[in-house]
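The values are calculated or read from the model by the stated rules, or taken from the named source; none is laboratory data. Just so we're clear, the structure is a prediction, and the values are computed from it rather than from any experiment. A quick note on method: Cβ atoms are made from the backbone with ideal geometry, for glycine too, and the neighbour counts reach across all protein chains shown. The accessibility values were calculated without ligands, DNA or RNA, using every heavy atom of the protein model including side chains. Shrake-Rupley method; radii C 1.70, N 1.55, O 1.52, S 1.80 Å.
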Amino acid sequence: MSSRNYLATLLGVFLGLKPVTGLDVSQSRPNFLLLLADDLGIGDLGCYGNSTIRTPNIDRLAEGGVRLTQHLAAEAVCTPSRAAFLTGRYPIRTGMTSGNGHRVLQWAAGAGGLPAEEITFAKILTEQGYVTGLIGGGDICPGQVVMSSYLELMMVTSSDMRKWHLGLNCHSSSDHCHHPLSHGFQHFLGMPLGMMGDCSGTEPSEKRVTLQRRLYLCSQASALAALTLVAGRLMGLLHAPRWLLVLILAAAATMFTASRHVGDLIIYADCFLMRNHTVTQQPLHLEQVTGLMLREAKTFLQRNKHHPFMLFISFLHVHVPLVTTAGFRGRSKHGLYGDNVEEMDWMVGQILDALDREGLTDNTLVYFASDHGGSLESRVGHMQLGGWNGIYRGGKGMGGWEGGIRVPGIFRWPGVLPAGRVVDEPTSMMDVFPTVVLLGGGTEPRDRVIDGRNLLPLLRGETPHSDHEFLLHYCEVFLHAARWVQRDRGRVWKVHFMTPNFHPEGAGACYGSAVCPCIGDVTEHDPPLLFDLSTDPGETRPLKPDTEPEFHTVVGKLKQEAAQQWHSLSQIHQQLGSIYNIWRPWLQSYCGEFPNYGCDLEE
């Protein structure tokens, strides 16, 4: 800080003013440390009201910075939420969505991914001279299982070093068209698709169990067809050629064998580690992930402390299979899930301590969030393996309910952002894009719609309001809900056009399914459900047309906004649709040579 700014800050303190108002942020280019949890519920942190899970390091981050209480993910599952975070655009604009039940990228060897023409904040920061790094892995987000053809037998929607989960290859196993290094990151260590329960062979399973069942049933159906042909030939009723019988029997045997080994295929096909473009560990050694991630983060900070940098870390935690080191198992009051949250908090502390040791704290903007709400359906028997979303209804995968999209949001930048500030205004994870880009000296792209808004004036207290008047909440391509900030009345309205049907009846989630569906087993509301989040943030008291004078005005306003956004969309290819989202062996990344595939170069 210059002596002039220092004196201005000191004078502000003595006058009882906010010291940050004397700083010329336009002349400062901070480093960026972005920390993203996976499936963390907003009610799981002490700074958001939890008194039984210990999160002292994240709480300390909030005490030293700005805490957002109405921070929203663009969608309630991982792939579209993360695409929106990186680009500042609704997933429906970038094609990182579908309309057929496939809500995420399902295989590392699929052809879908973040399109090359999309611009991430990493790409802009690289152009501005920043060193950009991405550390970690990811998860497979469970989704509806849809099967309309034989090819879709291998289409099953399915926690973490940096989760990319935005694609890898397009035409060959080495073109890396969707790779992080093709989207502005200069360094990458992580899992291209992500970690899942199937990587450890535990429950709940994202796709292994479903594939095993489908392959077994197909093998039995093929065997039955073969027996029918044999019986028909013996009885003289059918005259099918022998080659057809042999073909059907071979198919039955192949599918039966595949049903026994599909779990091994998933472990090698999806659960591997890449360093930049090289596969360095296949399959992933789960017990090494936490230590490897921390070492990589500390090394990055030490290596780049003399250069402007952006380091994006996405944690293994707190997605199933809840990989937790021995030192944290059994420590919390909430079983393995609580243990995993507390270990993640410890990791945050280790990274912040490393930042401090390198003398980087005062010139680094730190951001912490979760990609969406906690998973209510993640359970085995009576053991809950997913998070708690506080007072907010719903959870991961639910397109409109607050529990699926309202996430923790913390910003810290000592000397610039006021410590202990709490912002109740609606904000979006998409806002990180313009905020980081502008602070890094870049400019927002002018050839496309950017849905995020620069948060800096709100974070510093220079304005009491965010720049969002409307926020729309999609589930795939279907608009489930929308909110309107009515400034002149001081109210935040929320309308639900459709909501998932919970199972069993009266429950608060879709138990028995991986996540709730976007279409099909849903209720389309006519008239829509209306809530006033200003007085009912838990969405427990729907307002009625005959008792709320503003009902028709609010609903009409939000329908108009939704129609305008829909008409502004250009033709997009749905990257999560059937044509891109199947396993393609020729796109499979691997190390080693046939028949001894696999390696460990991270020893």
- request: Return yes when HIS239 is more than 30 Å from GLY349 (Cβ to Cβ), open to solvent by 50 Å² or more (accessible area, probe 1.4 Å), assigned to a loop (DSSP other than H, G, I, E, B) and not aromatic (Phe, Trp, Tyr) and no when it is not.
  value: yes
Residues being open to solvent by 60 Å² or more (accessible area, probe 1.4 Å) and at pLDDT 50 or above - total across the range 2-48: 4
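A quick yes/no check of all residues on (1) in a loop (DSSP other than H, G, I, E, B); (2) aliphatic (A, V, I, L, M); (3) open to solvent by 10 Å² or more (accessible area, probe 1.4 Å):
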site: ALA76; (1), (2), (3): yes, yes, no
site: THR79; (1), (2), (3): no, no, no
site: LEU86; (1), (2), (3): no, yes, no
site: ASN100; (1), (2), (3): yes, no, yes
site: VAL104; (1), (2), (3): yes, yes, no
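Looking at the range 539-562, which of its residues are in a loop (DSSP other than H, G, I, E, B) and either surrounded by 14 or more Cβ atoms within 10 Å (Cβ to Cβ) or hydroxyl-bearing (Ser, Thr, Tyr) (or both)? Quick ask: steps written out before the conclusion?
Taking the range 539-562 first, the residues in a loop (DSSP other than H, G, I, E, B) are 539-542, 544-550.
Once the filter is applied, which keeps residues that are in a loop (DSSP other than H, G, I, E, B) and either surrounded by 14 or more Cβ atoms within 10 Å (Cβ to Cβ) or hydroxyl-bearing (Ser, Thr, Tyr) (or both), the range 539-562 yields GLU539, THR540, PRO542, THR547, GLU548, GLU550.
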query: Within the set of pairs 6 or more residues apart or between chains, which connect a residue that is open to solvent by 10 Å² or more (accessible area, probe 1.4 Å) inside the range 358-378 to a residue that is part of a helix (DSSP H, G or I) and among the acidic types (Asp, Glu) with Cβ atoms less than 8 Å apart?
result: none
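Of the residues ALA253, ALA226, ALA221, ALA231, which is of a type outside the set (Ser, Thr, Tyr) and touching a helix residue (DSSP H, G or I) at 6+ places or on another chain (Cβ under 7 Å)? Walk me through how you get there before you give the answer.
Working: ALA253 fails: touching a helix residue (DSSP H, G or I) at 6+ places or on another chain (Cβ under 7 Å); ALA221 fails: touching a helix residue (DSSP H, G or I) at 6+ places or on another chain (Cβ under 7 Å); ALA231 fails: touching a helix residue (DSSP H, G or I) at 6+ places or on another chain (Cβ under 7 Å).
Exactly one of ALA253, ALA226, ALA221, ALA231 is of a type outside the set (Ser, Thr, Tyr) and touching a helix residue (DSSP H, G or I) at 6+ places or on another chain (Cβ under 7 Å), namely ALA226.
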statement: If we ask which residues in the range 432-470 are open to solvent by 10 Å² or more (accessible area, probe 1.4 Å), within 20 Å of GLN70 (Cβ to Cβ) and not in a loop (DSSP other than H, G, I, E, B), their number turns out to be 4
query: If you go through the range 563-603, how many residues are assigned to a loop (DSSP other than H, G, I, E, B), among the hydrophobic types (A, V, I, L, M, F, W, C) and open to solvent by 90 Å² or more (accessible area, probe 1.4 Å)?
result: 3
- prompt: In the range 379-416, what residues are modelled with pLDDT under 95, surrounded by fewer than 23 Cβ atoms within 10 Å (Cβ to Cβ) and not hydrophobic (A, V, I, L, M, F, W, C)?
  reply: ARG379, GLY381, HIS382, GLN384, GLY390
query: Since GLY43 meets every condition but one in (1) in a helix (DSSP H, G or I); (2) touching a helix residue (DSSP H, G or I) at 6+ places or on another chain (Cβ under 8 Å); (3) of a type outside the set (S, T, N, Q), which condition does it not meet?
result: (2)
query: When the range 65-74 is examined, which residues are found to be surrounded by 19 or more Cβ atoms within 10 Å (Cβ to Cβ) and either assigned to a helix (DSSP H, G or I) or touching a strand residue (DSSP E or B) at 6+ places or on another chain (Cβ under 6 Å) (or both)?
result: GLY65, VAL66, ARG67, LEU68, GLN70, HIS71, LEU72, ALA73
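Those residues that are among the hydroxyl-bearing types (Ser, Thr, Tyr) and either open to solvent by 60 Å² or more (accessible area, probe 1.4 Å) or out of contact with any strand residue (DSSP E or B) (no Cβ under 9 Å at 6 or more places or on another chain) (or both), I need them from the range 497-512; list them, please. If you could, list the steps in order and put the result at the bottom.
Step one: filter the range 497-512 for residues among the hydroxyl-bearing types (Ser, Thr, Tyr), giving 499, 511.
Once the filter is applied, which keeps residues that are among the hydroxyl-bearing types (Ser, Thr, Tyr) and either open to solvent by 60 Å² or more (accessible area, probe 1.4 Å) or out of contact with any strand residue (DSSP E or B) (no Cβ under 9 Å at 6 or more places or on another chain) (or both), the range 497-512 yields only TYR511.
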- request: May I ask you to say which residue of GLY330, GLY349, GLY359 is in a helix (DSSP H, G or I) and more than 25 Å from GLY184 (Cα to Cα)?
  value: GLY349
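Out of curiosity, is THR435 more than 27 Å from PHE531 (Cβ to Cβ) and among the polar types (S, T, N, Q)?
Working: more than 27 Å from PHE531 (Cβ to Cβ): yes; among the polar types (S, T, N, Q): yes.
Yes, satisfied.
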query: Mind checking whether some residue in the range 462-483 is modelled with pLDDT of 95 or more and more than 30 Å from THR553 (Cβ to Cβ)?
result: yes
task: Spot the failing condition for ARG487; the list is (1) at pLDDT 95 or above; (2) under 30 Å from TRP413 (Cβ atoms); (3) open to solvent by 40 Å² or more (accessible area, probe 1.4 Å), and only one is missed.
output: (1)
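For LEU134, state whether it is modelled with pLDDT of 95 or more, open to solvent by less than 10 Å² (accessible area, probe 1.4 Å) and not in a strand (DSSP E or B).
Working: modelled with pLDDT of 95 or more: yes; open to solvent by less than 10 Å² (accessible area, probe 1.4 Å): yes; not in a strand (DSSP E or B): no.
No; evaluated as a whole, the condition is false for this residue.
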Lone unmet requirement of (1) part of a helix (DSSP H, G or I); (2) within 23 Å of HIS285 (Cβ to Cβ); (3) open to solvent by 20 Å² or more (accessible area, probe 1.4 Å) for ILE266: (3)
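For every residue, the table says whether it meets (1) under 23 Å from GLY374 (Cβ atoms); (2) open to solvent by less than 10 Å² (accessible area, probe 1.4 Å).
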| position | (1), (2) |
| --- | --- |
| VAL289 | yes, yes |
| MET293 | yes, yes |
| LEU336 | yes, no |
| ASP339 | yes, yes |
| GLU343 | yes, yes |
| VAL348 | yes, yes |
| ILE351 | yes, yes |
| LEU355 | no, yes |
query: What residue, of LEU301, LEU316, is crowded, with 20+ Cβ neighbours inside 10 Å and assigned to a loop (DSSP other than H, G, I, E, B)?
result: LEU316
message: Tally up the residues in the range 242-263 that are at pLDDT below 85, farther than 22 Å from THR210 by Cα and surrounded by fewer than 13 Cβ atoms within 10 Å (Cβ to Cβ), please.
response: 1
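Quick check: is even one residue across the range 199-206 part of a loop (DSSP other than H, G, I, E, B) and more than 33 Å from the chain's Cα centre (by Cα)? Outline the logic, then answer.
From the range 199-206, those part of a loop (DSSP other than H, G, I, E, B) are 201-206; that's our starting set.
Retained after the next criterion (residues that are more than 33 Å from the chain's Cα centre (by Cα)): none.
Scanning the range 199-206 turns up no residue that is part of a loop (DSSP other than H, G, I, E, B) and more than 33 Å from the chain's Cα centre (by Cα).
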message: Among the listed residues ASP526, ASP536, identify the single one that is open to solvent by less than 30 Å² (accessible area, probe 1.4 Å), modelled with pLDDT of 90 or more and at negative phi.
response: ASP536
